[in-house]
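Some notes on the structure that comes next.
The values are calculated or read from the model by the stated rules, or taken from the named source; none is laboratory data. What you see is a predicted model, and the numbers here were worked out from it, not measured in a lab. Note: ideal-geometry Cβ built from the backbone for every residue, glycine included; neighbour counts use all protein chains shown.
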Amino acid sequence: MSAKDKIRQQVTGNPIVLYMKGTPDAPMCGFSATAVQILEACGVENVATVDVLSDQDVRQGIKEFSNWPTIPQLYVNGEFVGGADIMREMYQSGELQKLFGK
């Protein structure tokens, strides 16, 4: 299975997917930590996370899949939402909470 097919399967097979560096319990960069904190602040549960540091093909592939150069990346219902900065802006405006039905 190609990285693109694997990513497509992850994004369409889970309602919420966060591609990040590290894990929610041990994020490996500040932006990934911020993304996890924002999701927790929204009260979102059952987030599928993918550690891009453990799979170099996915690490590069996700950037091409979304046409977005940085990680973390959030997908909701198969749609690319954005990275940590966009998540922060959406959270501050209340838009992210609405996206999650909160």
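Annotations
- Among the residues of the stretch 43-55, just one is closer than 21 Å to GLN97 by Cα, hydrophobic (A, V, I, L, M, F, W, C) and surrounded by fewer than 17 Cβ atoms within 10 Å (Cβ to Cβ), namely ALA48.
- Any hit, the stretch 72-95, residues being part of a loop (DSSP other than H, G, I, E, B) and acidic (Asp, Glu): no
- Here LYS102 fulfils each of the conditions (1) touching a residue at least 60 places away in the same chain (Cβ under 8 Å); (2) under 14 Å from the mean Cα position of the chain (by Cα) apart from (2).
- For the stretch 56-79, a residue qualifies if it is in contact (Cβ under 8 Å) with a residue 40 or more places away in the chain, crowded, with 17+ Cβ neighbours inside 10 Å and more than 11 Å from ALA3 (Cα to Cα), and the qualifying residues are ILE71, PRO72, GLN73, LEU74, TYR75, VAL76.
- Every test in (1) of a type outside the set (D, E, K, R); (2) assigned to a strand (DSSP E or B); (3) at pLDDT below 95 is passed by VAL50 save one, and that test is (3).
- For the stretch 14-42, the set of residues classified as free of Cβ contacts under 8 Å to residues at least 12 places away in the same chain and either surrounded by 20 or more Cβ atoms within 10 Å (Cβ to Cβ) or within 20 Å of ASN67 (Cα to Cα) (or both) consists of PRO27 only.
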